[in-house]
Structures are given as C-alpha cells and as structure tokens.
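Colleague: Below is one structure. I have some questions about it.
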Amino acid sequence: MSAEARAPHFVRSFERGLAVIRAFDAEHPALTLSEVARACELTRAAARRFLLTLADLGYVHTDGRRFRLTPRVLELGYSYLAGYTLPQLAEPHLEQLVARVRESSSLCVLDGDDIVYVARVPTRRIMTASITVGTRFPAYVTSVGRVILAHLPDEDVEARLAGAELKPLTTRTITTPGALRTELRRVRRQGYAVVDQELEEGLRSVAAPVRDRDGEVVAAVNIAVHAGRNSVDSVRRDLLPHLLATVAGIEADLRITSPAPAAAPGTGTRRSSSSRRSPAPEG
C-alpha cells in the first residue's frame, strides 16, 4: 500500500512489526538482526527495537545473534481459525478424499491477492516449498485462487487485473491480463480449475469452489498431484469426480451448521435449510 493510499488511522509502526514477523518462514527460520533489517527495509536500530519488543512479548527468541519465532506466534493465527468453522468442517472430508485418491488436498481462502491454506491433508511431498496451514501463494497462479477469483463480481475481477503484477513463476505461467481473464471465464463456466505446472514445474492441481448456504463462494478445495504420475486428462477423469463429491459434502455440512438467514420483514418466518440449496457448479 502506497503512502498516499493509507488512511489517516494507519499505524506505520504496527505494519513494520508485522513485517518483521513475516520475514521468518520455512526457508529462513533463523535470522540475524542485519538480515531482518534488510528483508523489511528497516534500519538496524528499528529492526532491533521491533525484535526485542517481540522477544519481550514472547513471540521471538534469540541466542544473542540469531532470532527465531516461538510457538506463541501460532496464537495470532489460531484466533482466526478458532472462530471460523469451515476448516473444522472440511478437514474430515479432506481426510476421506485423500484416503480415496492418495493425493494431497487442501482448503484455501482468498486474502487480498493471495490464497491462504486454512486446512490441509498431505500425502507425499510434491512441491519444493513446504505447505502448511497459513502458507500463501499468489491467487492468479493457483487452481484454488482461480476458482475463487472466477466467482467474484466482474468489477472486482477487473479492478484486480488492472493492478496485477503477473510474474512468470514457470515457463507455463499465464502472465497477461487478457489471457487470465479468458481463463477465469472458462473456470466460471465449467465450475472447476486445472492449473498445469504454472506455479511450479511438475505440479498439477485441480480445484472446485465451496459455496455457503447463500450460494456465495467462500473457499476452494484442491487436489495436487505430480505431473509425472497424472496427465491433465487423468486429473479431470479420475480425480475431479472425487473432488466435486467432497465439495458437495462440505457444502452440505455448511448448510446444516450455518445460521439460518433472517426472515424478510413482515413474513414472520424463516426459510428452512432444506429450501436453500447451494447452486451446482456451472457447466
């Protein structure tokens, strides 16, 4: 976010503190003061203040030279997951899906321009990057991201494409707004997305949208496979039916557990959950 676009209430120091936490990841579990300062574009003095404050709060540990996050950081994400029933509802369905297809499956939601993994059941490791709950990837280059983007209002999609930086992560990555716009229309029409080695060479994935009781797409479920074991045709033929059945099960649970919508003024009644059905995937 540019300085000009920030609202008057924006607290820059808080933004920088969060950036310090995000500097640590699976590839950089331990960082020196200089490395944190460089990654966050801070002075050494500012980085030191943020790190020592986080250490005082219990979120960071240091041996005097290198800093590491502590398990207490998990509390920050748990507050979200604890109040969000969808990952809890989805996990048993993902476990059943993985047992049937023997491939990894995840539930993801959209956060800004990224997708975030909120539930995951892995089998074998097929990506260079380690994926856990909380992992983020650019939405435009993932099957789950495209499924969710495809069901946003047209004006929202256009706004995102206008400001998008579509970087080529592999030689197959879609990198022009026009091509991505065409692909999103196809995804919306057919009701699922297949991404073939655009995020990482050797990785194919298929995803389908998860709709709430009002028919709004709130998340997506994928199956990720190694390209050497599964062709695009076999992904559609052998895996997609299982994926769609899993999504249908998650949506059925959402209809049961989500609060019923309020009655329209003057009706004095509520519509029963049996009268509200999530729309079937388009196409």
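Colleague: Quick one: putting +1 on the C-beta of Lys and Arg, -1 on the C-beta of Asp and Glu, what dipole do you get for region 12-73 around its Cα centre, in Debye to the nearest 20?
Modeller: Dipole of region 12-73, to the nearest 20 debye: 180 debye.
Colleague: Could you list which residues have their amide H under 5 Å from that of F67, counting only those 5 or more apart in sequence or on another chain, with H placed in the peptide plane?
Modeller: Residues meeting the criterion, in which the H sits 1.01 Å from N, are L31, T32.
Colleague: Between E158 and R44, what is the FRET efficiency for a Förster distance of 35 Å, r being their Cβ-Cβ separation, to the nearest 0.05?
Modeller: Calculated value: 0.25.
Colleague: Next question, about the same structure. Give the long-range amide H neighbours of S104: residues separated by 5 or more places, or on another chain, with amide H under 5 Å away, using H modelled in the peptide plane at 1.01 Å from N.
Modeller: Here the answer is T123, R124, A224, since their amide H atoms fall under 5 Å of that of S104.
Colleague: What shape does region 12-73 take by its C-alpha gyration tensor, where a ≥ b ≥ c are the square roots of the eigenvalues and a/c under 1.5 counts as rounded, a/b above b/c as prolate, and the rest as oblate?
Modeller: rounded
Colleague: So what are the ³J(HN,Hα) numbers for region 233-246, from phi and the Karplus equation (6.51, -1.76, 1.60; θ = phi - 60°), rounded to whole Hz, Gly and Pro as x?
Modeller: Running phi through 6.51 cos²θ - 1.76 cosθ + 1.60 with θ = phi - 60° gives 5, 5, 4, 5, 6, 9, 9, 4, x, 5, 4, 5, 5, 5 Hz.
Colleague: Please report the relative contact order for region 84-257, taking Cα pairs under 8 Å with a sequence separation of at least 6, and give it as a percent rounded to a whole number.
Modeller: Relative contact order, region 84-257: 23 percent.
Colleague: Still on this model: How large is ³J(HN,Hα) for each residue in region 214-219, as worked out from phi by the Karplus curve 6.51 cos²θ - 1.76 cosθ + 1.60 (θ = phi - 60°), to whole Hz, x for Gly and Pro?
Modeller: 9, x, 7, 6, 10, 6
Colleague: How high is the FRET efficiency between A248 and L18 when r is their beta carbon distance and R₀ equals 35 Å, given to the nearest 0.05?
Modeller: The computed FRET efficiency comes out at 0.40.
Colleague: Using a Förster distance of 41 Å, how high is the FRET efficiency between R237 and D214, based on the Cβ-Cβ distance and rounded to 0.05?
Modeller: That pair, R237 with D214, gives E of 0.80.
Colleague: OK, next. Would you work out if region 84-257 is rounded, prolate or oblate? Take a ≥ b ≥ c from the square roots of the eigenvalues of the alpha-carbon gyration tensor; rounded if a/c is under 1.5, else prolate when a/b is larger than b/c, oblate otherwise.
Modeller: oblate
Colleague: Could you let me know the centre-to-centre spacing of region 167-203 and region 98-124, using Cα atoms, in angstrom?
Modeller: Region 167-203 and region 98-124 have Cα centres separated by 18 Å.
Colleague: Here's something else I'd like to know. Only four residue types carry charge here, +1 at the Cβ of Lys and Arg and -1 at the Cβ of Asp and Glu. Report the dipole size of region 84-257 about the Cα centre in Debye, rounded to the nearest 20.
Modeller: 600
Colleague: Something else now. Counting other beta carbons within 10 Å of each residue's own, what order do L76, L254, L97 fall into, fewest first?
Modeller: Ranked by crowding around the Cβ, least crowded first: L76, L254, L97.
Colleague: Also, I was wondering about something else. Please list, in chain and number order, the residues 5+ apart from A220 or on another chain whose amide H is under 5 Å from its amide H, with Hs placed from the backbone.
Modeller: Close amide H contacts, sequence-distant or interchain: C108, V210.
Colleague: Give me the distance in nm between label points sitting 7 Å out from Cα along the Cα-to-Cβ direction at R189 and E27, one decimal.
Modeller: With each label placed 7 Å out from Cα toward Cβ, I get 3.7 nm.
Every number here is computed from the coordinates shown, using simple stated rules; none is lab data. Bear in mind that the values here come from a model prediction, so they are computed numbers and not experimental data. FYI the Cβ positions are ideal-geometry reconstructions off the backbone, even for glycines, and counts take in every protein chain you see.
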